[in-house]
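The values are calculated or read from the model by the stated rules, or taken from the named source; none is laboratory data. Worth saying up front: this structure is predicted, and the values here are computed from it rather than measured. Here the Cβ is made from the backbone with ideal geometry for all residues, glycine too, and neighbour counts use every protein chain on show.
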Amino acid sequence: MLTYPLQETSPSRLARIKSPKDIRGLSLPELTALAADIRQIIITTVAKTGGHLAPSLGVVELTIALHYVFDTPRDKLIWDVGHQSYAHKLITGRQDRFHTLRQHKGLSGFPKFQESEYDAFETGHAGTSISAALGMTLAKDIQKRNNRAIAIIGDGSMTAGMAFEALNHAGHLDRNLIVILNDNEMSISPNVGAVSSFLSRKLSGRTMRRVKAHIEEKLNSLSNVGENILNVLKKSEESFKSFFTPGMLFEAFKFNYIGPIPGHQLEDLIETLETVRDTSRGPVLIHVLTTKGKGYKPAEDNPGSFHGIGPFDIATGKPQKSAKPVSYTEVFGRTMVQMAREEKRLAAISAAMVTGTGLTRFAEEFPDRFFDVGIAEQHAVTFAAGLAVEGILPVVAIYSTFFQRSLDQIIHDICIPNLPVTLAIDRGGVVGDDGPTHHGVFDLSFLRFIPNMILMAPKDEEELRHMLYTAVLHKGPAAVRYPRGSGEDVPLSPELQRLEIGKGEVLLEGGDILLLPIGNRVYPALRAAEGLKKIGIDATVINPRFVKPLDADLICSWASRTGRVVTIEDNVRQGGFGSSILELFSRRRLYGVQTCILAHPDLFVEHGPQSTLWKDSNLDSPAIIRAAIKLMNT
């Protein structure tokens with residue numbers, strides 16, 4: 001059995017660091033020891049709280065070097081995605097709260113303005129850092145300030161088109177922008193695409209440096225002739241970079257390319273950053289080679305599993321799993337494999353989240369019909385449209401929060417031409433500890449207004465299977481929205497059934513009030529109905545199944561019969577499922593029906609356990625009971 005021993009560290013040494021000013025007087029050996037201390041507290045904390053372990057372990061030395069060289073918070077550090085900012089939080093005065101990482105009312109797992117002045121930009125999605133840093137650089141120039149903005153972007157985020165849009169603009173403006181390329185060869189899943197191959201350290205790492213040193217040595221040995229040739233080569237667009245490194249790519253964007261440099265050698269990092277700080281003019285990109293999960297062998301060996309992980313045992317690296325029903329994501333993945341064995345036209349698309357969306361087995365069994373496009377959600381949707389035009393049945397599996405990035409493509413490239421593309425919307429609703437940048441509480445609102453879109457949400461994992469099958473067989477765009485986490489532990493039938501589009505089901509009949517929950521709120525509504533019955537209120541519970549089209553006749557007939565309706569959804573109130581019911585009642589002129597909408601309020605929901613967030617937004621069973629009683633008394 002693997003056992004991982006914790007290294008001996010000095011808590012008091014780290015405790016003396018109250019701000020980045022406290023590290024700037026340390027010697028190189030002291031900084032190296034500090035890096036070990038930071039690494040250990042990240043490991044021990046994330047083992048208890050869960051979090052993004054491997055990304056944060058990979059940038060400990062880089063974080064120290066950045067704060068050592070630059071005058072933060074006057075100089076701005078912008079962390080792309082932001083899930084690698086744990087060392088940054090420890091250095092910037094948040095040690096006493098670090099144990100609350102990702103806990104309800106505790107520290108966020110991402111940079112947040114309200115937490116610290118050192119958090120220069122709030123991030124959570126990939127590819128935004130260069131754009132933000134460029135904006136800050138221009139603002140500084142307009143206001144005649146001389147501080148710097150530094151974007152730290154992983155090469156996984158370099159698959160995002162927005163990053164290249166920002167590089168293009170920055171090169172055109174020719175301002176003093178610094179970009180750090182944190183090259184760890186991974187995003188969440190292994191990187192894909194030509195850009196990732198181009199950045200591969202097979203070309204840019206030790207081999208390139210050895211070849212370059214060998215050529216320089218040989219030319220220098222040729223006396224004056226060799227020296228002259230070497231000078232010519234260095235003046236000719238720095239030919240070593242052009243032929244042996246990714247520098248040619250970034251210099252095409254008019255960036256000065258530096259690197260690659262080792263990302264865990266503090267002396268090299270500090271020397272390079274100081275040189276750039278003091279001498280560089282115009283945009284510069286520093287290519288830094290790091291190891292994801294550095295310092296914790298289980299994370300180094302399996303960085304994908306330790307990218308984002310729940311509580312785990314440090315000695316073995318194994319997650320502390322409790323016995324739970326199968327997750328919606330697992331059921332989705334199994335159903336995709338089952339359908340693909342029968343339907344040879346079925347294809348699956350992921351945006352750098354193969355494991356996260358449950359498609360690992362599909363990718364292994366059907367490699368010719370599986371496509372990981374990288375962190376490029378817009379491309380994923382339009383790529384799916386192209387497949388559909390030629391007779392393929394594509395399923396695009398992306399988290400709800402990331403589908404937000406592809407709204408234009410959903411409207412323009414799928415729904416206007418009415419193409420048979422299925423959107424598998426994982427993590428619909430609140431997701432828990434990752435917070436507002438990752439909650440999927442807007443999709444019902446931004447998808448239901450689009451013509452030609454069929455939108456459904458299953459009450460349990462069994463219904464997810466049938467909805468996915470229905471969506472794939474539908475002759476136009478369809479979206480299936482399902483939550484993060486475990487299902488309801490219901491039996492799964494071996495056969496898939498095609499549901500009638502726009503038809504709901506009555507789960508419980510009662511004459512006093514109608515409960516209309518959608519998706520993962522159906523079972524809480526059924527439990528609420530049981531509680532209401534105990535106090536003499538008989539509730540009807542309808543599972544609408546479809547947000548669009550609604551089963552108008554079924555809903556309106558029961559609404560007319562009871563005269564009181566409570567809608568419940570794990571989505572924002574504005575424009576969501578409840579709004580669609582009010583619109584329906586208006587169209588049908590059911591003006592006498594009293595209606596209460598239970599949904600997330602008009603604010604960004606913070607991080608915390610899903611059960612806590614549902615309770616806070618009045619979406620759990622007790623809140624449904626309270627809403628029903630109040631409506632009965634009006």
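Being of a type outside the set (Asp, Glu), assigned to a helix (DSSP H, G or I) and under 29 Å from the mean Cα position of the chain (by Cα) is the filter here; which residues of the range 584-634 pass it?
Correct list: 610, 611, 612, 613, 614, 615.
Which one is nearest to residue 43 (Cα to Cα), of the residues in the range 307-340 that are surrounded by fewer than 20 Cβ atoms within 10 Å (Cβ to Cβ) and of a type in the set (Ser, Thr, Tyr)?
Checked the range 307-340; the qualifying residue nearest to residue 43 (Cα to Cα) is 316.
Looking at 516, 492, 496, which one is in a strand (DSSP E or B) and either of a type outside the set (Val, Ile, Thr) or farther than 30 Å from residue 342 by Cα (or both)?
516
Restricted to the range 341-387, and to residues that are of a type in the set (Val, Ile, Thr) and in contact with a strand residue (DSSP E or B) (Cβ under 7 Å, 6 or more places away or on another chain), which residue is surrounded by the fewest Cβ atoms within 10 Å (Cβ to Cβ)?
By that ranking, first place goes to 373.
Of a type in the set (A, V, I, L, M, F, W, C), assigned to a loop (DSSP other than H, G, I, E, B) and farther than 21 Å from residue 123 by Cβ, is that true of residue 43?
Considered against the rule, which asks whether it is of a type in the set (A, V, I, L, M, F, W, C), assigned to a loop (DSSP other than H, G, I, E, B) and farther than 21 Å from residue 123 by Cβ, residue 43 comes out as no.
So that you can scan it fast, the table gives a plain yes or no per residue for (1) in contact with a Phe, Trp or Tyr (Cβ under 6 Å, 6 or more places away or on another chain); (2) of a type in the set (Asp, Glu):
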residue: 328; (1), (2): yes, no
residue: 337; (1), (2): yes, no
residue: 345; (1), (2): no, no
residue: 360; (1), (2): no, no
residue: 368; (1), (2): no, yes
residue: 393; (1), (2): no, no
residue: 400; (1), (2): no, no
residue: 409; (1), (2): no, no
residue: 434; (1), (2): no, yes
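Considering only the range 1-24, state which residues are modelled with pLDDT of 90 or more, surrounded by fewer than 15 Cβ atoms within 10 Å (Cβ to Cβ) and over 31 Å from the mean Cα position of the chain (by Cα).
21, 22, 24 - these are the residues of the range 1-24 that are modelled with pLDDT of 90 or more, surrounded by fewer than 15 Cβ atoms within 10 Å (Cβ to Cβ) and over 31 Å from the mean Cα position of the chain (by Cα).
From the list 480, 506, pick out the single residue that is part of a strand (DSSP E or B) and farther than 25 Å from residue 625 by Cα.
Answer to the check: 480.
I need the full set of residues from the range 534-581 which are closer than 18 Å to residue 463 by Cβ and of a type in the set (D, E, K, R), in order please.
Of everything in the range 534-581, those that are closer than 18 Å to residue 463 by Cβ and of a type in the set (D, E, K, R) turn out to be 545, 548, 551, 569, 570.
Yes/no per residue for (1) in the same structural domain as residue 48 (by TED's automatic domain parsing); (2) of a type in the set (A, V, I, L, M); (3) touching a strand residue (DSSP E or B) at 6+ places or on another chain (Cβ under 6 Å):
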{"residue": "287", "(1), (2), (3)": "yes, no, yes"}
{"residue": "308", "(1), (2), (3)": "no, no, no"}
{"residue": "313", "(1), (2), (3)": "no, no, no"}
{"residue": "319", "(1), (2), (3)": "no, no, yes"}
{"residue": "339", "(1), (2), (3)": "no, yes, yes"}
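Only one residue in 250, 240 is more than 21 Å from residue 59 (Cβ to Cβ), modelled with pLDDT under 90 and not hydroxyl-bearing (Ser, Thr, Tyr). Which one?
Step by step, each of 250, 240 is checked, and only 240 is more than 21 Å from residue 59 (Cβ to Cβ), modelled with pLDDT under 90 and not hydroxyl-bearing (Ser, Thr, Tyr).
How many of the residues in the range 590-601 are modelled with pLDDT of 95 or more and surrounded by fewer than 17 Cβ atoms within 10 Å (Cβ to Cβ)?
The total comes to 2.
Sort out which residues of the range 55-72 are more than 22 Å from the chain's Cα centre (by Cα) and of a type in the set (Gly, Ala, Ser), and write them in order of number.
Once the filter is applied, which keeps residues that are more than 22 Å from the chain's Cα centre (by Cα) and of a type in the set (Gly, Ala, Ser), the range 55-72 yields only 65.
Among 137, 159, which is the only one that is among the hydroxyl-bearing types (Ser, Thr, Tyr), out of contact with any strand residue (DSSP E or B) (no Cβ under 6 Å at 6 or more places or on another chain) and surrounded by 22 or more Cβ atoms within 10 Å (Cβ to Cβ)?
Answer to the check: 159.
Would you mind finding the one in 431, 472 that is among the β-branched types (Val, Ile, Thr), touching a strand residue (DSSP E or B) at 6+ places or on another chain (Cβ under 7 Å) and not in a loop (DSSP other than H, G, I, E, B)?
Within the list 431, 472, the selection yields 472.
Of the residues that sit in the range 523-540 and are in contact (Cβ under 8 Å) with a residue 24 or more places away in the chain and not in a helix (DSSP H, G or I), which one is surrounded by the most Cβ atoms within 10 Å (Cβ to Cβ)?
539
Would you confirm whether or not the range 95-105 contains a residue that is part of a loop (DSSP other than H, G, I, E, B) and either in contact with a Lys or Arg (Cβ under 6 Å, 6 or more places away or on another chain) or of a type in the set (A, V, I, L, M, F, W, C) (or both)?
So far as the range 95-105 goes, yes, one or more of its residues are part of a loop (DSSP other than H, G, I, E, B) and either in contact with a Lys or Arg (Cβ under 6 Å, 6 or more places away or on another chain) or of a type in the set (A, V, I, L, M, F, W, C) (or both).
Which condition does residue 398 not pass, out of (1) out of contact with any Pro (no Cβ under 6 Å at 6 or more places or on another chain); (2) more than 22 Å from residue 449 (Cβ to Cβ), if it passes all the others?
Just one mismatch for residue 398, condition (2).
Of all helices (runs of 4 or more DSSP H) completely enclosed by the range 125-206, which ones contain at least 1 residues that are closer than 19 Å to residue 290 by Cβ and at pLDDT below 85?
Qualifying helices (runs of 4 or more DSSP H): 194-198, 201-204.
Which of the numbered conditions does residue 51 fail, given that it passes all the others? Conditions: (1) out of contact with any Gly (no Cβ under 6 Å at 6 or more places or on another chain); (2) crowded, with 21+ Cβ neighbours inside 10 Å.
All conditions pass for residue 51, except number (1).
Condition first: part of a loop (DSSP other than H, G, I, E, B), buried (at least 24 other Cβ atoms within 10 Å of the Cβ) and out of contact with any His (no Cβ under 6 Å at 6 or more places or on another chain). Now tell me which residues in the range 64-90 satisfy that.
Residues satisfying the conditions are 80, 81, 82, 84, 85.
When you look at residue 608, is it at positive phi and of a type outside the set (Lys, Arg), yes or no?
So residue 608 fits the description; yes.
Quick test of your reading of the structure: residue 413 fulfils all but one of (1) under 24 Å from residue 617 (Cα atoms); (2) part of a helix (DSSP H, G or I); (3) in contact with a Ser or Thr (Cβ under 6 Å, 6 or more places away or on another chain). Name the failing condition by number.
(1)
Restricting to the range 388-400, what's the tally of residues that are in contact (Cβ under 8 Å) with a residue 12 or more places away in the chain and surrounded by fewer than 18 Cβ atoms within 10 Å (Cβ to Cβ)?
3
Could you say which residue among 363, 348, 299, 315 is outside any strand (DSSP E or B) and touching a helix residue (DSSP H, G or I) at 6+ places or on another chain (Cβ under 8 Å)?
299
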